[in-house]
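One structure below.
The values are calculated or read from the model by the stated rules, or taken from the named source; none is laboratory data. Only a predicted model underlies this, so the values are computations on that prediction, with no experimental measurement involved. Cβ coordinates were reconstructed from backbone atoms using ideal geometry, including for glycine residues, and neighbour counts include every protein chain displayed. Accessible surface areas use protein heavy atoms only, side chains included; no ligands, DNA or RNA. Shrake-Rupley method; radii C 1.70, N 1.55, O 1.52, S 1.80 Å.
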Amino acid sequence: MKLTNAAAFFIFVPTLTPALDPFSASILTGGAAVAWQLLSPQSWLKCRFLECCNMRDTLNLSVLKMDLDRKVFGQHLAIQIVLRALSANMHSERPRKPLVMSFHGWTGTGKTFVSSIIAENLYQFNIPRRRFVHHFNTVLHFPYLSHVHLYKEQLQNWIRGNVSACPRSLFIFSEMDQMPHGLIDSIMPFLGYHEEIDGIYYGKAIFIFLNNAGGDKVTEIALDYWRSLKRREDIPVKKLQSLLSEEIFRNKNSGFFHSQLIQKNLIDYFIPFLPLEYKHVRECVRQELRVQGHPENEDLIAEIALAMTDYPSEERLYSSKGCKTVESRVTLST
Ligand SMILES: *[C@@H]1O[C@H](CO)[C@@H](O)[C@H](O)[C@H]1NC(C)=O
Ligand SMILES: *[C@@H]1O[C@H](CO)[C@@H](O)[C@H](O)[C@H]1NC(C)=O
């Protein structure tokens with residue numbers, strides 16, 4: 001389609017030009033080239049200056065892996081699953097369903113951070129990301145229980161509109177645990193196995209749910225492992241995923257209580273974010289000192305990390321806030 005359009009332009013334009021002097025002819029041809037660039041959905045010029053849909057998949061998995069390994073601490077399980085999921089989806093010409101991932105863990109463990117690193121890597125270039133990355137904050141976008149009917153319709157329209165404008169759209173739903181009951185099931189039709197729905201193909205879309213629900217479960221399992229002197233690296237991913245999906249389905253405050261998305265297996269990956277230990281919080285503090293331009297004072301790093309590891313009250317093994325308050329703590333103590 002795009003090739004024939006382009007060919008038509010360049011065959012058509014020269015046949016007109018003999019009637020004109022060389023100067024006007026070159027203006028006409030140049031103008032035509034610019035017009036074609038602006039009209040064609042794939043052109044770089046349009047991407048630079050106007051709205052643009054990133055048609056080519058530019059995700060470089062090794063760069064993404066480096067980014068995640070360097071910036072996210074203590075989440076080897078999550079990183080491993082995310083990379084595998086994205087790799088499978090990206091390597092398929094025409095995925096049979098959209099990629100759906102659900103992140104679970106305590107606050108401050110890196111769920112939002114990982115989703116924004118994915119977004120940055122998916123859409124490089126200097127194109128405005130808001131065209132493809134759609135962030136729904138439950139508390140902000142869907143605050144009233146009584147408006148669920150309205151929200152359902154709105155959400156469907158947004159997703160339909162955005163995916164038809166750009167198939168590789170990324171939808172991030174944060175604070176899923178605050179989502180009114182039943183609302184998320186309204187997007188079920190888009191997450192299934194379909195060739196197309198009303199002429200729109202959804203297989204390239206990516207959905208990420210961020211959820212504090214399930215965090216207690218993940219922590220409980222990590223703690224069991226620690227108490228039986230096993231490494232957190234050895235926690236089996238499969239077992240954790242199925243425990244999470246059960247837990248979320250049963251939990252009234254998970255946004256997925258008795259959800260069809262779970263019943264129909266439309267969520268491809270339940271991704272655990274483990275609670276952060278002293279050594280991980282240290283890394284966060286170290287990084288924050290660097291960001292704020294301070295020297296890496298080892299005493300201060302130890303002091304802040306120690307104060308933050310507060311759970312369970314006897315062992316004080318994990319930080320109940322993850323790395324969430326590191327920034328302000330560093331600001332206050334430097
Ligand atoms: C990904 O990025 C690395 C480092 O910038 C580069 O060496 C590699 O060729 C890239 N891979 C692809 C598939 O573009
Ligand atoms: C895309 O989603 C946004 C919300 O992120 C919404 O405001 C916008 O209207 C949607 N676009 C279309 C074309 O539906």
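Okay, residues lined up against (1) within 16 Å of ligand 1 (Cβ to nearest atom); (2) closer than 26 Å to Y202 by Cα; (3) in contact with a Pro (Cβ under 9 Å, 6 or more places away or on another chain); (4) part of a helix (DSSP H, G or I):
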| position | (1), (2), (3), (4) |
| --- | --- |
| S62 | yes, yes, no, yes |
| D69 | yes, no, no, yes |
| F73 | no, no, no, no |
| V82 | no, yes, no, yes |
| A85 | no, yes, no, yes |
| N89 | yes, yes, yes, yes |
| K97 | no, yes, no, no |
| V100 | no, yes, no, no |
| G108 | no, no, no, no |
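Tell me which residues, restricted to the range 275-294, are within 24 Å of the chain's Cα centre (by Cα) and under 29 Å from D224 (Cβ atoms).
Within the range 275-294, the first condition is being within 24 Å of the chain's Cα centre (by Cα), and the residues that meet it are 275-276, 280-281, 283-284, 287-288, 291.
Across the range 275-294, the qualifying residues are P275, L276, H280, V281, E283, C284.
Could you pull out the residue among P180, P143 that is open to solvent by less than 30 Å² (accessible area, probe 1.4 Å) and part of a loop (DSSP other than H, G, I, E, B)? Steps first, please.
Numbers: P143 fails: open to solvent by less than 30 Å² (accessible area, probe 1.4 Å).
Result of the check over P180, P143: P180.
Go through the range 90-115 residue by residue and tally those that are at pLDDT 95 or above and either among the small types (G, A, S) or not assigned by TED's automatic domain parsing to the domain that holds G74 (or both).
Step one: list which residues in the range 90-115 are at pLDDT 95 or above, which gives 97-115.
This time we only want the ones that are either among the small types (G, A, S) or not assigned by TED's automatic domain parsing to the domain that holds G74 (or both), so: 102, 105, 108, 110, 115.
So the answer is 5.
Of the residues N162, N157, only one is more than 14 Å from the chain's Cα centre (by Cα), within 20 Å of E196 (Cβ to Cβ) and without any contact (Cβ under 8 Å) to a residue 12 or more places away in the chain; which?
N157
Condition test on E277, is it without any contact (Cβ under 8 Å) to a residue 12 or more places away in the chain and not basic (K, R)?
On the way: without any contact (Cβ under 8 Å) to a residue 12 or more places away in the chain: no; not basic (K, R): yes.
So E277 does not fit the description; no.
Of the numbered conditions (1) at positive phi; (2) at pLDDT 85 or above, V139 fails exactly one; give the number of that condition.
(1)
Could you identify the single residue in N162, N121 that is within 16 Å of ligand 1 (Cβ to nearest atom) and either open to solvent by 40 Å² or more (accessible area, probe 1.4 Å) or not in a strand (DSSP E or B) (or both)? I'd like the intermediate steps shown before the answer.
Numbers: N162 fails: within 16 Å of ligand 1 (Cβ to nearest atom).
None of the others qualify; the one that does is N121.
Residues of the range 310-334 being among the hydroxyl-bearing types (S, T, Y), over 21 Å from P295 (Cα atoms) and surrounded by 13 or more Cβ atoms within 10 Å (Cβ to Cβ), which ones?
Y311, Y318, S319, S320
Of all residues in the range 266-319, which are of a type in the set (A, V, I, L, M) and under 22 Å from I81 (Cβ atoms)? Give the steps one after another, and end with the answer.
We begin by selecting, within the range 266-319, every residue of a type in the set (A, V, I, L, M); these are 266-267, 271, 274, 276, 281, 285, 289, 291, 300-302, 304-308, 317.
Those that are of a type in the set (A, V, I, L, M) and under 22 Å from I81 (Cβ atoms): L266, I267, I271, L274, L276.
Give the range 204-223 a look and list any residue that's at pLDDT 95 or above, more than 19 Å from S174 (Cβ to Cβ) and not β-branched (V, I, T), or say none.
K217, E220, A222, L223
Condition check: of a type in the set (A, V, I, L, M, F, W, C) and in contact with a strand residue (DSSP E or B) (Cβ under 8 Å, 6 or more places away or on another chain). Does L145 satisfy that? I'd like the intermediate steps shown before the answer.
Numbers: of a type in the set (A, V, I, L, M, F, W, C): yes; in contact with a strand residue (DSSP E or B) (Cβ under 8 Å, 6 or more places away or on another chain): no.
No, not satisfied.
Look through D268, D299 and report the one residue that is free of Cβ contacts under 8 Å to residues at least 60 places away in the same chain and among the acidic types (D, E).
On the way: D268 fails: free of Cβ contacts under 8 Å to residues at least 60 places away in the same chain.
On inspection, the qualifying residue turns out to be D299.
Which of the helices (runs of 4 or more DSSP H) contained wholly in the range 220-334 include at least 3 residues that are basic (K, R)? Reasoning before the result, please.
Values: elements: 237-250, 260-263, 278-291, 298-308, 326-333.
Here the list reads 237-250, 278-291.
Criterion first (free of Cβ contacts under 8 Å to residues at least 24 places away in the same chain and open to solvent by less than 40 Å² (accessible area, probe 1.4 Å)) does Y201 satisfy it? Write out each step before concluding.
Details: free of Cβ contacts under 8 Å to residues at least 24 places away in the same chain: no; open to solvent by less than 40 Å² (accessible area, probe 1.4 Å): yes.
No; evaluated as a whole, the condition is false for this residue.
Could you tell me whether I159 is in the same structural domain as I208 (by TED's automatic domain parsing) and within 16 Å of ligand 2 (Cβ to nearest atom)?
Judged against the criteria, I159 is a match.
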